[in-house]
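Asks: This is the structure I have questions about; it appears just below.
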Amino acid sequence: MKATAIQDRMLSAMHPRHNAEPPEKWQQRKSARTRQRILDAGIDCLVEAGYAGLTTAAVATGCEISRGAMHHHFATRLDLVAAVIDHLFYRRMSLFLDDYFASLGTRGEEEIIETATEAHWRSVHTHEYAAYLQLAVAARSDEELAALFAPAEKRYDKVWISEMIEAFPQWREQWDAMKLASDFANAAHIGMLLNEGVLGKGERMAKVRALVTQTVAQLYGRQ
C-alpha cells in the first residue's frame, strides 16, 4: 500500500471530514474556514495559556472573530473543548505520518524502526504535542475534561493499532512486539521530553535516545 493511501486510510478513520469535498456554497465554505481558524486558535490557547486559557472569549480574540460568530460554531466552552480535542488528535497523527513517510523515502525499509522512532521523538516537540500535554495533565484533575479527553485518546490509540496492522501486513506476525515497542517508545519519549531541562540536547540525551531506539529494535525482534 502506498504512503498516501496509508495516510488517507488512517486519517479518515481518525476524522470523518478528512479529504471531504469542500461545500458547494460560498457561505458554507466560509463557515468551514472559520471553524478551522477557531480550532487552530484553540490549540494556540492551550500552548500559550494552558487548559484554563482555552475559553470561547480567548479563542474568539485569537482568531479575530466576534463573540456571535464563536457562539454560532460553539455554543459552550465544552463544545469548543470537545472539537479542539478531536482536531488536536487528528493533527498529531497527520503531522507524524507526514514526517514518517517523508523520512522513510530517504531511507531503506531495513531502517523502518529507526525511522519511526526518530519521527516519534520529533513529534513530541511539536506545537500540537505541547497542547496535548496541557490537556493530558488537566484531565487528571478535571472530570468534565476527562470525560471528553479519555474517549478521544482511546480512539486515537485504537485507530493507530487497527490501521497500522492493515497498512503494514509485514508486521502482523510480530504485532504484539510492535505494540509493546510503540508503547515503550511513547512512554520513554514523554519522560525524556519532560526531563529535557536536565538531560539537555547534547551527548547525554543522544545516549538515551540511542538506547530507546536500540530497545525498540530488540522488542521488534532485531538484535
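The values are calculated or read from the model by the stated rules, or taken from the named source; none is laboratory data. As the structure is a computational prediction, the values presented were derived from the model and not from experiment. Note that each Cβ is placed from the backbone with ideal geometry, even for glycine, and that neighbours are counted across all protein chains shown. Please note that ligands, DNA and RNA were not included when accessible areas were found on the heavy atoms of the full protein model with its side chains. Shrake-Rupley method; radii C 1.70, N 1.55, O 1.52, S 1.80 Å.
Asks: Express in whole angstrom the spacing between the alpha-carbon centres of the range 20-64 and the range 78-135.
Replies: Result: 20 Å between the Cα centres.
Asks: While we're on this one: In whole percent, what relative contact order does the range 22-138 give with Cα contacts below 8 Å and a gap of six or more residues?
Replies: On the way: 79 pairs, mean separation 34.4, N = 117.
Worked out over the range 22-138, it gives 29 percent.
Asks: On a 0 to 90 degree scale, rounded to 10, what angle separates helix 127-139 from the longest Cα axis of the chain?
Replies: It is inclined by approximately 80 degrees.
Asks: Once both axes come from the Cα atoms, what is the angle between helix 203-220 and the longest principal axis of the chain, in degrees from 0 to 90, rounded to 10?
Replies: For 203-220 against the chain, the angle is about 80 degrees.
Asks: While we're here: For the range 131-223, which trypsin sites (Lys or Arg not before Pro) are in a loop by DSSP, counting at most 13 other Cβ atoms within 10 Å?
Replies: Values: sites: Arg140, Lys154, Arg155, Lys158, Arg172, Lys179, Lys201, Arg204, Lys207, Arg209, Arg222; in loops: Arg140, Lys201, Arg222.
Passing both the DSSP loop test and the Cβ count: Arg140, Lys201, Arg222.
Asks: Moving to a separate point now. From the protein chains alone at 1.4 Å, what is the descending order of accessible area for Tyr156, Tyr129, largest first?
Replies: On the way: Tyr156 35, Tyr129 0 Å².
The most accessible residue leads, giving Tyr156, Tyr129.
Asks: Something else about it: Normalised by the residues of the chain, what does the relative contact order come to in percent, with Cα pairs under 8 Å and at least six apart? Spell out each step's value before the answer.
Replies: Numbers: 166 pairs, mean separation 48.9, N = 223.
Averaging sequence separation for qualifying contacts and normalising by length gives 22 percent for the chain.
Asks: Note the direction-averaged projected area, equal to a quarter of the hull surface, for the Cα convex hull of the range 53-127, in nm².
Replies: Numbers: hull surface 24.6 nm².
Orientation-averaged projected area of the Cα hull: 6.1 nm².
Asks: Return the label of the correct value of Cα extents along the principal axes in Å, as calculated from the structure shown, out of (i) 62, 39, 29; (ii) 60, 43, 30; (iii) 58, 42, 26.
Replies: (ii)
Asks: What nm value, rounded to one decimal, do you get for the distance between Phe101 and Trp171 when each label is placed 7 Å out toward the C-beta?
Replies: 1.5
Asks: Still on this model: Using only DSSP helix segments of four residues or longer, with each worth -39500 (n - 2.57), what per-residue ellipticity at 222 nm results for the chain after dividing by its residue count and rounding to 500?
Replies: Details: 11 runs with 170 residues, N = 223.
It lands at -25000 deg cm²/dmol.
Asks: Moving on to the next point. Given just the C-alpha atoms of the range 93-223, how large is their convex hull per residue in cubic angstrom?
Replies: On the way: hull volume 15.6 nm³, N = 131.
Once divided by residue count, the hull of the range 93-223 is 119 Å³.
Asks: Another one. For the chain, take the longest principal axis of its alpha carbons; what is the angle in degrees between that and the long axis of helix 143-167, to the nearest 10 within 0 to 90?
Replies: 50
Asks: Largest first, how would His125, His72, His15 line up by accessible area (1.4 Å probe)?
Replies: Working: His125 85, His72 140, His15 30 Å².
Output order, biggest surface exposure first: His72, His125, His15.
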